Structures are given as C-alpha cells and as structure tokens.
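Take a look at the structure below.
Where a number appears in this text, it was derived from the coordinates with a stated rule and is not lab data. From a predicted model like this one, the values you see are computed outputs, not experimental measurements. All Cβ positions, glycine included, derive from the backbone under ideal geometry; neighbour counts span all protein chains shown.
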Amino acid sequence: MGPRANELAPASSATSSFTMLRRLPIWLVILVLVGLFVLYSMLTGDYLSTLQFLVIGVRLTVVSAVLSYALALAVGLIIALGRVSRNLLAYNLATLYVEIMRGVPLLVILLYAQFVVVPGLSNWLDLNLHTRLLWQRNSAIAGVIGLALGYAAYLAEVYRAGIESIERGQMEAARSLGMTYGQAMRHVILPQALRRVLPALGNDFIAIMKDTSLLTIISVSELTYYARQEASRTFQYFRTYNAAAFLYLTLTLLLSLGVRYIERRTSGGRR
Amino acid sequence: MKRMTTWLMALVLTSLLAACGGTYTTTRQIDSMGTTAPTSVASSTLGAGTTGATSAATDASTAAAMTMTSGATLEASATAMDTMTAGSTAASATALETMTSGATMASTTMSTTGTMSAMTSTAMSGTTGVTGTAMTTLTPVADLKGRAVVVGSDTTYPPFESIDKTSNKIVGFDPDLMAMIGQLINIKPEFKTANFDTIFTALAAKQYDAVMSAVTITDDRKKQVDFSDPYVTIGQRVVALKSNSAIKSYTDLKSNNYKVGVQRGTTGEKAALEKAGVSDANVKRYDDIAAAFADLKNNAIDAIVADGPTVGNYGEQATYKDVVAVVGDAFTTEDYGIAIPKGDTELQGAINKALAALKQAGKIDELKNTYKIK
C-alpha cells in the first residue's frame with residue numbers, strides 16, 4: 001500500500017502535493033488529452049465517414065463480447081469446480097476440457113464452431129428447417145459459442161486459482177459448522193475467491209472484447225469486418241485501421257474503468 | 001506418480017509427432033523410388049515434343065517423382081500420361097494437374113527459376129508438342145535480363161490459381177500464362193500466396209512486382225496500380241444450392257432475404273451489391289471463396305456470386321458436385337489484367353508485347369481450353 005504509507009507519514013507540504021500527484025491517474029489524463037486531440041483531427045476530415053461506417057459494427061462487437069463472456073463465466077465456473085473436485089470423473093473431464101481448449105488457438109476453435117459444430121449439431125438434433133435457418137444462418141451464434149467455449153477454459157483456471165488461494169482452514173471450519181461441501185463452497189469459499197480473482201476476470205473480459213475481432217474470419221459483421229470492408233473498398237488502410245483502433249480502445253478503456261469501479265466496490269468490505 | 005504421468009504424456013506426444021513426420025518422409029521416399037521408372041519414360045516422351053528438354057529427362061524423373069505424394073500411385077501417373085499422349089487437351093483436371101507438376105522440374109533446367117511458375121510452360125509445350133504445334137517457336141519480344149518478378153496471387157481461385165493437392169505448388173491458368181510471358185521477355189516469375197483484399201495495397205507498397213490473381217481491371221483499382229492489357233474476359237455468375245429451385249438467375253437474389261456470399265474486395269462483391277441489388281446486410285463477405293462454398297454447403301448462405309470460371313470449377317469438385325449448381329448466365333463482362341505497380345512501364349510494356357504475341361499465336365486460347373475457361 002504505497003500511497004497509504006505516505007499518508008500516515010508526517011507530511012510536509014512538498015510531500016503532500018507529491019502524494020496528490022501520485023494519486024492522480026496521470027495515464028488517464030494523458031490518454032484523455034491524446035484521445036481528444038485524435039478525436040478532433042478525426043472529426044474534421046474523411047475520418048468522419050469512416051467512423052460512421054465502422055460504428056455499425058460496434059453493436060455486434062459488444063453484443064458478442066458480452067454474450068460470450070457471460071456464457072464463459074458460467075461454463076468456466078462449472079469446469080473450475082470440476083478441477084478442484086475430489087470426484088475422479090469430474091476432475092478428469094474438467095482437466096481434459098481445459099487442456100484441449102487451452103491448447104487450441106481461438107481462431108481454430110471458431111472455425112470449428114462455424115464449419116463443424118453448428119452444422120453438425122443441427123444435423124444431429126435433426127432440427128426443423130425454421131430453427132435450422134435461424135441458428136445456422138447467423139454465424140454470430142457460432143462465433144459466440146466458439147469464443148465462450150474457448151474462454152471458459154481460461155476462466156476456469158482463473159477461478160481455480162482463486163479457490164485454491166483460500167486457506168484450507170476455511171473449508172474445514174465451514175464443514176465443522178455442519179455445512180455440506182456445496183454449501184461451504186457457495187457461502188464461504190466462492191465469495192472470497194471471486195473477490196480475489198476479480199481483476200483477472202475483468203482482464204479476460206477486456207481480452208474477449210478484443211478477440212471478437214477474430215469473428216471476422218467467419219464473416220460475423222462486427223467492427224473488424226466493417227474495417228476490412230472499408231479498407232478493401234477505399235484502400236485507405238491507415239485511416240481505416242486508425243478509426244478501428246480508436247473504437248476498440250474506447251470500448252476497452254470504458255471496460256477497464258468499469259472493472260476498476262467494481263473492484264473498488266467489492267474490496268470495500270475487506271479493508 | 002503425478003510426475004510420471006507428465007513424463008509419460010510428454011513421451012507419447014513427442015513420439016506421435018515423430019511418427020507423423022517419419023511416415024510422411026518414408027512415404028515420399030518410397031513414392032519417389034516407385035514412380036521413377038514410368039515418369040522418366042513419360043517425361044522423355046514429353047521432352048520429344050519440346051526442344052532441349054530431353055536432356056533434362058533424368059533430372060525430371062526424380063523431380064517429378066518427388067512431386068507425387070502418397071496419393072499418387074504408379075497407375076495414377078500412368079493414366080495421366082496416357083491421357084496426355086492421347087492428345088486430348090481436355091484431360092481430367094487431376095490428370096492434368098499431376099501432369100503439370102510432373103513437368104515442372106523438367107523446365108527447371110531450361111529456365112533455371114526453380115519455381116513452379118516456370119513449369120507449366122513445359123507442360124504446355126508438352127501438350128502442344130503432342131497436339132502438333134510447337135510452343136517454343138515463339139521469338140522473345142523483350143529482354144528484361146532475367147529480372148526476378150515476384151507475383152502476388154490469392155491461390156484459392158481455381159482454375160486461375162490454386163495450390164495443387166498432391167504437389168503443394170501453385171498451379172493454374174495464371175501461373176501458366178505468366179511462365180509463357182516469362183520466356184518471351186526473359187523474366188523469372190515467382191508466385192507468392194497473398195490475401196486478395198489487401199493485394200493492391202501490397203502491390204502499391206512494392207511487396208510484389210506484379211499481381212496476377214484473376215484480377216478484373218476496374219477504375220477504382222487503376223487509382224492504386226497500373227494494369228497490363230486484358231488477357232481473358234469473364235463474367236460474374238451465381239451458384240446456389242441444388243435444393244433451392246427458387247434462385248434461377250442473379251435477379252432473384254434480392255428477394256426472400258437471401259444471404260449471398262462473396263469474397264471481400266472482389267468484383268463479385270460489387271456485382272452482388274450493385275447489379276444484383278442485394279442489400280448490404282445480406283451480403284456476407286469471406287476471406288476466400290472456399291469458405292463461402294463451405295458455408296453454402298452447410299446451408300448458412302443461399303448463393304455465391306463470383307467469377308464464372310471459378311464457380312464452375314468449385315461446382316465440379318467432388319465435395320460440391322451434388323449439392324450446388326451454377327444458375328443463370330454470366331451477368332457482367334470483365335477483363336482480367338496483370339496488375340503492376342504504378343510507374344513500372346518497362347515491365348508493363350514487355351508484358352503487353354508478350355500478351356499480344358501469345359494472343360496472336362493462339363496460346364491464350366489453348367490455355368483457356370486446357371483449363372476449360374469459356
């Protein structure tokens with residue numbers, strides 16, 4: 001706790017202004033200034049039309065990121081519980097899943113989802129034509145499934161790290177109070193574990209937001225898809241990808257601010 | 001116990017990888033030994049039609065054998081040769097491809113490029129030798145002093161350019177034509193695989209010396225790069241599922257909310273949007289046309305718009321033959337040209353002269369027949 005230690009020390013006026021400076025998020029100030037400058041130069045020239053075109057893709061980028069992250073959070077938790085479980089079957093299944101999904105590139109998982117899993121599933125389930133079209137026509141669904149299943153493996157490992165970081169005594173104490181394993185997990189271990197891994201989870205949310213750009217390969221019309229379309233018809237690569245990078249940066253910075261806020265909220269009770 | 005498991009896993013995985021690699025090399029060796037005899041005969045037969053290639057026959061035999069991988073058996077190569085000697089230019093695509101890759105190395109000694117693009121010239125001269133006309137009689141039209149020319153090409157576009165299934169080399173109409181041009185103007189063309197949607201920017205940035213990738217000459221592209229004279233005229237065509245009888249021509253695409261697959265940055269994309277009137281949201285853009293065909297087969301899209309010869313070629317491939325069908329006639333008229341960076345007038349002029357000479361000698365028409373391009 002660097003800044004806090006400074007606060008406790010008898011502060012001369014020089015140190016207190018120094019402390020002020022230290023607590024100010026200078027990186028954010030620089031970023032905002034640069035951002036405003038960039039925005040100014042962007043909104044004056046041809047950038048406006050490029051941005052207006054790319055913004056259409058932001059919706060699907062956000063939607064697929066949020067959906068796949070939510071799915072990954074749920075699937076990841078189940079797998080993490082398998083990973084820490086004493087049940088041989090659950091442990092091995094979960095470990096197998098993590099090792100496979102972590103070892104295959106996300107891009108390959110997405111290609112699987114689009115060209116193998118989704119067509120295969122709808123054949124196997126023998127869906128009627130209407131559902132089949134709905135689900136097969138929308139490559140975003142395959143994309144979300146692929147992203148979520150890939151990220152579930154990473155998130156499972158994050159969860160596991162959190163669960164294993166909780167002292168063994170906690171579980172023993174909970175069990176000796178008469179809680180079942182499940183109750184102890186739910187009421188004692190997981191709340192503490194989640195709080196500890198919150199920064200890592202947030203980090204993965206930002207990562208999944210960026211990785212939605214991979215969906216362009218299965219022609220989901222998200223931000224990168226529009227950027228490539230714009231670039232291939234105007235040949236203005238510098239301008240187009242600047243605009244795309246700007247939009248991505250805006251999304252991820254907003255996210256990281258949100259993650260910080262949630263972290264501060266949840267860590268309140270602990271201090 | 002746990003450590004042992006880890007080591008065991010590592011051992012199993014490594015040996016698996018090693019086994020894969022081992023099988024691959026041994027098959028290749030066995031193949032090359034097995035096919036030596038028949039191919040040497042075949043390539044010398046070929047060589048008889050070509051001036052100067054006979055001496056390369058022994059080299060070619062080993063080289064040709066090398067290009068045949070596990071799939072190619074003695075019979076296969078023999079059939080390929082048979083078809084060739086029968087003088088039929090419309091030999092089956094695979095036979096031709098095997099043929100071409102076999103002949104690649106034969107020409108290596110002649111043009112010393114060692115790249116695949118050089119080969120097809122010999123394959124062609126082989127074909128023409130059999131059918132009776134001699135290709136090598138054409139006199140050079142320019143001398144660029146053996147300049148190395150790197151040609152960018154999106155190699156997922158048969159019959160113009162694709163990666164051969166057995167030899168893993170770039171084959172097709174464009175490399176063949178470029179090899180012939182190379183002989184006439186003394187350049188050493190070398191084809192490199194590229195992404196189509198960035199190909200002109202890469203060319204303008206001098207990453208390549210030329211782009212030959214079934215490129216339609218358009219005014220938009222002319223702003224970026226220069227073009228040679230046209231060498232082939234084609235049109236956009238529609239391919240749809242056989243099960244969908246409602247799509248009969250390009251005019252049907254805009255109805256029923258049909259999803260239409262195109263390759264990003266191509267004239268097919270433009271034609272689908274502007275001529276066929278498909279809404280932007282219903283046009284699905286792919287990196288390469290192969291992915292679009294995969295999606296069409298999986299019923300994820302309803303139709304594809306792309307260059308006529310290419311949709312025809314994909315439509316005839318075993319995977320798609322029973323599922324998809326080309327519908328309606330070509331609905332645009334487009335000229336293919338070789339793209340050259342702005343200002344390279346030397347190369348542009350030489351290529352134009354070579355194209356004119358080849359056109360006059362009927363070589364381009366022969367090549368079109370070989371690759372079934374109408």
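General remarks:
- Debye intensity ratio I(q)/I(0), log10, region A:144-228, q values 0.12 Å⁻¹ (C-alpha model): -0.51
- The Rg/Rh ratio for region A:47-266, using Cα coordinates for both the radius of gyration and the Kirkwood hydrodynamic radius, is 1.05.
- For region A:124-271: relative contact order, % (alpha-carbon pairs under 8 angstrom, 6 or more apart): 23 percent
- Calculated over region B:130-289: convex hull of Cα atoms, volume per residue (Å³): 164 Å³
- Cα gyration tensor shape of region B:236-332, rounded if a/c is under 1.5, else prolate or oblate by comparing a/b with b/c: rounded
- Under-5 Å amide H pairs with residue B:169, H placed in peptide plane, nonlocal only: B:164
- The 3J(HN,Hα) values that the Karplus relation (6.51, -1.76, 1.60; θ = phi - 60°) gives for region A:61-70 are, in residue order, 4, 5, 4, 6, 5, 5, 4, 5, 5, 4 Hz. Gly and Pro appear as x.
- Under the combined filter of DSSP loop state and at most 11 neighbouring Cβ atoms within 10 Å, region A:75-104 retains these trypsin sites (Lys or Arg not before Pro): A:86.
- Amide N proximity, region A:48-72 versus residue A:266 label position 7 Å along Cα-to-Cβ, cut-off under 19 Å: A:66-72
- Using θ = phi - 60° and Karplus 6.51 cos²θ - 1.76 cosθ + 1.60, couplings along region A:261-267 (whole Hz; Gly, Pro as x): 4, 5, 4, 5, 4, 7, 7
- Number of partner chain Cβ atoms within 10 Å, mean per residue of A:225-234: 4
- Region A:117-185 versus region A:218-268: alpha-carbon centroid distance in Å: 26 Å
- Amide H contacts of residue B:149: B:188, B:190, each under 5 Å away and 5 or more positions distant or on a separate chain (H built 1.01 Å from N in the peptide plane; Pro and chain starts excluded).
- Greater than 31 Å apart at Cα, pairs in B:165/B:368; B:222/B:242; B:254/B:359; A:210/B:165: B:222/B:242; B:254/B:359; A:210/B:165
- Cα gyration tensor shape of region A:187-250, rounded if a/c is under 1.5, else prolate or oblate by comparing a/b with b/c: prolate
- GNM remark for chain A: springs join alpha carbons under 10 Å apart, and the peak mean-square fluctuation among A:179, A:101, A:20 falls on A:20.
- 5 angstrom amide H check on residue B:195, placed H, neighbours 5+ away: none
- Distance between modelled label sites at residue B:318 and residue B:229, nm, 7 Å Cα→Cβ extension: 4.2 nm
- Relative intensity of region B:252-293 on a log10 scale, I(q)/I(0) at q = 0.18, 0.23, 0.27, 0.35 Å⁻¹, equals -0.42, -0.67, -0.89, -1.24, per a Debye sum over C-alpha point scatterers of equal strength in the absence of solvent.
- Region B:147-163 - phi-based ³J(HN,Hα) in whole Hz, Karplus 6.51/-1.76/1.60, Gly and Pro as x: 4, 7, 10, 8, 10, x, 7, 8, 8, 10, 10, x, x, 7, 7, 7, 8
- Where trypsin sites (Lys or Arg not before Pro) fall in DSSP loop in region B:251-306, at most 16 other Cβ within 10 Å: B:254
- One chain, two ends: residue B:202 and residue B:251. Fully extended at 0.36 nm per residue, the span grows by 14.2 nm beyond their Cα-Cα distance.
- Taking chain A and dividing mean pair separation by its residue count, relative contact order in percent (alpha carbons under 8 Å, at least six apart): 26 percent
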